[in-house]
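The structure under discussion appears below in the form of structure tokens.
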Amino acid sequence: MNEGDTAATSEKIGDNLRAAREAANATLDDISALLKIRSDHLQALENDDFERLPGSVYAIGFIRTYATHLGLNAGELIERYKAAVAVPHLEDQGPNPQTEYEPVSGGLKIAIGVAAVFVVYILWLIAGGAGDVGKNSRIAEATAPPIETPVAPVPQAVPEKPSTDETASAPAAPERFGEGVAASPPINNVDAPAVDVKEISPLANETADAAIIEIRAVRRTWMRVESNEGRVLFSSIIRKGEGFTLDDGAYTLATRDAGALEFFVNDASVGSVGRRGQILTARKIERAAILAKSR
């Protein structure tokens, strides 16, 4: 491709984006607030000034998000961009959920195997062992000789001695159990009100719902967050100290450096999103799983 073809191809990207935005009667600030992409990055796309963007992988992400929002063919515009710009091999790769699988260490496999054997043994004890114990108990009851209950002798009445004035006026000492503890009447547990667990459990749910969970940057990187339905919620450079609050249940996360992001629960860090320099393209994250790390 000669230089004239390269310029014509790159110009079409910005012209298509600008024409679609103007047809929708939207400004760059409106699109920036909606897509969470900086307005200067959107302006660079419309001007085909790709050198102002952080890198090829970010430019591809911005084009995909911007074109999809305007109803354009994002894949076609991305191919035009790749044809106009020399894209490195690593950044040329689009989001692929298959790359998100992480190898399981040998120690973890051994721990899982031991846990599985232990669970099977416990189930065997509950099913088989309990049955054998019950069977042996029934056999012992059938073969055991009857137990004769001894008859207690009837006590003879003892004539009472006349009491003196001191013993008659003295109050009877209370019966005691142990040392210094007076006997109390038996408590009728049948009439005691039962505690309903269902009345207590919602308090724990309210505490979990009230927790503030966010993804916060510990150094500058790029991040994209999509809702469970595929709607882009955030797609831009995120600087140290900036964060994104997770209000719903599940999200999809993409970032250039997973080690630059941490999960925070009620302003307390509960761990890093991933390793330093790790590229994520479609990591599934859930609010409940992050909250469980803080307990």
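The values are calculated or read from the model by the stated rules, or taken from the named source; none is laboratory data. A quick note: this is a predicted structure, and the numbers were derived from the prediction, not measured. Every residue, glycine among them, receives a Cβ derived from its backbone with ideal geometry; neighbour counts consider all protein chains shown.
What do you reckon, is Arg283 closer than 23 Å to Arg64 by Cα and either at pLDDT 90 or above or small (Gly, Ala, Ser) (or both)? So Arg283 passes the test. Taken over region 220-273, the residue count meeting the criterion of being in contact (Cβ under 8 Å) with a residue 24 or more places away in the chain and among the basic types (Lys, Arg) is 3. Say we look at region 17-42 and pick out the residues that are polar (S, T, N, Q) and farther than 15 Å from Ser235 by Cα; which of these is surrounded by the fewest Cβ atoms within 10 Å (Cβ to Cβ)? Step by step, filter region 17-42, then rank; the result is Asn25.
Rundown of residues vs (1) farther than 17 Å from Ser235 by Cβ; (2) modelled with pLDDT of 85 or more, yes/no style:
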residue: Pro54; (1), (2): no, yes
residue: Glu76; (1), (2): yes, yes
residue: Pro103; (1), (2): yes, no
residue: Ile110; (1), (2): yes, yes
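Of all residues in region 286-295, which are surrounded by fewer than 18 Cβ atoms within 10 Å (Cβ to Cβ) and of a type outside the set (Lys, Arg)? Those that are surrounded by fewer than 18 Cβ atoms within 10 Å (Cβ to Cβ) and of a type outside the set (Lys, Arg): Glu286, Ala288, Ala289, Ala292, Ser294.
Might you check whether a residue that is surrounded by fewer than 19 Cβ atoms within 10 Å (Cβ to Cβ), under 16 Å from Gly230 (Cα atoms), among the polar types (S, T, N, Q) and not assigned by TED's automatic domain parsing to the domain that holds Ile238 occurs anywhere in region 46-54? Checking region 46-54: not a single residue is surrounded by fewer than 19 Cβ atoms within 10 Å (Cβ to Cβ), under 16 Å from Gly230 (Cα atoms), among the polar types (S, T, N, Q) and not assigned by TED's automatic domain parsing to the domain that holds Ile238.
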